[in-house]
Amino acid sequence: MSPGSLRIVGLGPGDPRWITPEVATALAEASDLVGYAPYLARLAPRAGQRVHASDNRVELERARLALGLAREGRAVVVVSGGDPGVFAMAAAVFEAVEHGDPAWRALDITVAPGISAMQAAAARLGAPLGHDFCAISLSDNLKPWPLVAKRLRAAAEGDFVIALYNPASRSRAEPIHAAFAILRALKAGATPVVFARAIGRDDESVAITSLAAADPAHADMSTLVIIGSSETRLVERPGTPPFIYTPRGAGGPR
Ligand SMILES: C[S@@+](CC[C@H](N)C(=O)[O-])C[C@H]1O[C@@H](n2cnc3c(N)ncnc32)[C@H](O)[C@@H]1O
């Protein structure tokens, strides 16, 4: 890696086999690893690598630290879980670049993609994202709840499959209940719902239910919730969980 560089990488949802070779190379060549502490804890830094762990809520400070280190000539890697461009550090770094030291714009900055939680969860289930879908974060740390509610209504109105990120945290239990209330008013009760928790980790679990029967309290900060479209269906199988898929074409079998 060249000196004075910044690589923004995604570690995937948890299974180390889902770290791409590009990301593994960037991690091996870095002089400095920057990220949220639990993501950095998934790595085994080599001798001489500096590790800069920080708390969850300090994305912009973390981005500025990484840019400052790169400006000093360090080979910096910023890590995110999943994909770095999906509710993660890539946008924070570019926000810092836009509003920060003009010299940061000349740095060698690249983004290395990772597998996002919705892709990993979808692969476990079958193909629930097989047709039009959207991803919505329920975190209202960085946006007001009325905007979240408006987007949920629009997604239901558009009959998208919906991947809900950040459905709950220790301090935020309410949004997922409010989200289900909105969706239940607009979508059929039989709509498939999945709580995909800790996908790719040792404590992985998947619960398949329906919009009417789902208990929103099932979701925690390690859960991705998938709400089907009107086309999403289950393929039942004897003695094993069903496949879930959304057909490639709307309006019935081809
Ligand atoms: C701040 S967002 C980061 C998303 C990440 N950049 C990605 O692309 O998956 C964190 C949220 O992603 C989801 N998530 C991350 N890892 C997960 C996993 N292994 N299983 C299920 N959901 C996960 C959860 O909804 C969690 O609250």
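Read-outs throughout are calculated quantities, based only on the coordinates presented, and are distinct from any laboratory measurement. Since the structure is predicted, the reported quantities are computational estimates derived from the model, not experimental observations. Cβ placement follows ideal geometry from the backbone for every residue including glycine, while neighbour counts extend to all protein chains displayed.
A few remarks follow.
- Computed over the chain, the per-residue total of -39500 (n - 2.57) for DSSP H runs of n ≥ 4 gives a 222 nm mean residue ellipticity of -8500 deg cm²/dmol, rounded to 500.
- Cα-based shape type of segment 103-146, given that a ≥ b ≥ c are square roots of the gyration tensor eigenvalues and the cut on a/c is 1.5: oblate
- Sites residue 254 and residue 22, calculated FRET efficiency, Cβ-Cβ separation with R0 41 Å, nearest 0.05: 0.65
- Inter-site label distance for residue 150 and residue 15 at 7 Å from Cα along Cβ, in nm: 3.9 nm
- Shape category assigned to segment 8-84 from the gyration tensor of Cα positions, a/c cut at 1.5: oblate
- Over the chain, the Kirkwood radius and the radius of gyration, each from Cα atoms, give a ratio Rg/Rh of 1.01.
- GNM top mover of 227, 176, 109 - the chain, alpha-carbon springs below 10 Å: 109
- Taking the centroid of alpha carbons for each part, segment 89-151 and segment 51-80 are 18 Å apart.
- Residue-wise HN-Hα coupling along segment 83-91, computed from phi with Karplus coefficients 6.51, -1.76, 1.60 (Hz; x: Gly, Pro): 9, x, x, 10, 6, 8, 6, 4, 5
- Residue 137 long-range amide H proximity, modeled H, under 5 Å: 165
- Our summary gives segment 134-239 a relative contact order of 31 percent, counting only alpha carbon pairs under 8 angstrom and 6 or more residues apart.
- Vicinal HN-Hα couplings computed from phi for segment 164-171 (Karplus, 6.51 cos²θ - 1.76 cosθ + 1.60; Hz; Gly/Pro x): 9, 8, 6, x, 6, 8, 4, 9
- P(r) tail, segment 186-239: Cα-Cα pairs separated by more than 19 Å, 33% of all pairs.
- For segment 143-254, the fraction of alpha-carbon pairs lying more than 18 Å apart is 51 percent, rounded to a whole number.
- In a DSSP loop and with at most 16 other Cβ atoms within 10 Å, the trypsin sites (Lys or Arg not before Pro) in segment 18-75 are 42, 46, 57.
- For residue 50, the amide hydrogen comes within under 5 Å of the amide hydrogens of 32, 33, counting only partners 5 or more places away or on other chains and with H modelled in the peptide plane.
- Charged neighbours of residue 51, selected by a Cβ distance under 14 Å, balance to +4 (K, R count +1; D, E count -1).
- If R0 is 35 Å, the Cβ-Cβ spacing of residue 142 and residue 243 corresponds to a FRET efficiency of close to 0.50.
- In order along segment 40-45, phi translates into HN-Hα couplings of 5, 5, 7, 9, 10, x Hz, rounded to whole numbers, per the Karplus curve 6.51 cos²θ - 1.76 cosθ + 1.60 with θ = phi - 60° and x for Gly and Pro.
- Tensor-based shape of segment 80-208 (alpha-carbon gyration tensor, a/c under 1.5 rounded, otherwise prolate or oblate): prolate
- With a Förster radius of 25 Å applied to the beta-carbon distance between residue 94 and residue 72, the computed FRET efficiency rounds to 0.80.
- Contact order normalised by residue count of the chain, Cα under 8 Å, 6+ apart, percent: 19 percent
- Geometric descriptor of segment 124-168, per residue, is 73 Å³ (volume of the convex hull of the Cα atoms).
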